[in-house]
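Only one structure is covered here, and it is reproduced in the block below.
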């Protein structure tokens, strides 16, 4: 009971921050965001300049992200543009449609992508390191009777590919007009990671590089969703899923999701899920830290680890919980948080939240995001270490078009081997006081 109380307490606390949600300019509108400042990266001072324009043309949109860090000798920081991917990452996104539109396509950084109900991919992030950003693709299509969700994580090397197809079978019959049961949804998911490090399992003890390479990691799943209520103010859905990690274990989950729209003023959703896991199974295998935990070599201790090693060592079945809370109030701020953990397994907690409050009529800007994995005790949640990702910006607007702010970023720097392969990540701290000029504009189309 105590653990269950802590679970709901932490989940409630995550509402003080919000999850990253796409917030694009409307068609015929754009936004220029550019500025300068100082940037201390692991204690080294750089002069920084950034330009982040966005444009929307009907259903199409594009956003760029150019950052220049110049040291005190006038030289560009070499880590910013030492790989081809660094140049591609200037394209923050190219998109068609909006999330939850009948057709949504996005190329660029993929932040916190969830496939289906999250039983296989939950809050996946393809670029957890600023110095190793990648370009991926998301394609979501809903034809009404059927549809698909898909992700391709990295155009420059083999990586994660996942696709979920789903159908509303009764929509093909006269029963499709029956309330509740007519919207029954059946889905199937296949996900694979072709990265050369995806299937590596290190032998015990993990103080040497002796390993078994199982090749790609493959996961399949089926799910069932039943909307119980769908009105302009209330939505209620039950769902269940079953997942199998090929050559390892399996797990299932049942959950409920509720959405509330209070007269268009406050939008709220809540989700709770109970998980039933067999041995050698990790729910939401592709998560926010997957790209970091896939393969690691601690240069200080000489210890190797990998995500599949962690999976192979999950020898005891252990059930768990997952929950999510979301609030959007008048568009002035929106908050969302997720938390999950297993009942008995230590270091199994995973937290994700973000926050954004930038009301037009107030001179304050607050943006924050935080991820932490392998949490043993809820008391250690807010301790920054090699299991944490954090950004926080606090700003003041002396003018509607100017933001003076302090930006703090706890992220990761990649470590390369002699062949320029990323073999590990180490925490990196960035502190940046900056001045940003923000100018929204119209150039035609709908206003």
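Only the coordinates and a few stated rules stand behind these numbers; no lab work does. These numbers were taken from a predicted model, which means no experiment stands behind them. So basically every Cβ, Gly included, is an ideal-geometry build from the backbone, and we count neighbours across all protein chains shown.
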inquiry  = Running a GNM on the chain with Cα contacts under 10 Å, which residue among 347, 113, 370 ends up with the highest mean-square fluctuation?
reply    = 347
ask   = Listing 137, 88 from the residue with the fewest other Cβ atoms within 10 Å to the one with the most, what is the order?
value = 88, 137
message = Per 0.36 nm of contour for each residue apart, how much would the distance between residue 265 and residue 229 grow if the chain were fully extended, relative to their Cα-Cα spacing?
response = 10.9 nm
inquiry  = How would 342, 351, 76 line up from fewest to most surrounding beta-carbon atoms within 10 angstrom?
reply    = 76, 342, 351
inquiry  = Restricting to DSSP H runs of at least four residues, report the calculated mean residue ellipticity at 222 nm for the chain, -39500 (n - 2.57) per run over all residues, nearest 500 deg cm²/dmol.
reply    = -1500 deg cm²/dmol
message = Only Cα pairs within less than 10 Å get springs; with that Gaussian network setup on the chain, which residue of 337, 43, 187 has the largest fluctuation?
response = 43
key: Residue of 261, 316, 419 that the Gaussian network model of the chain assigns the largest fluctuation, springs spanning Cα pairs under 10 Å   = 419
query = How many angstrom separate the Cα center of segment 360-406 from the Cα center of segment 95-150?
reply = 24 Å
ask   = In which sequence would 257, 78 go, from the one with the fewest C-beta neighbours within 10 Å to the one with the most?
value = 78, 257
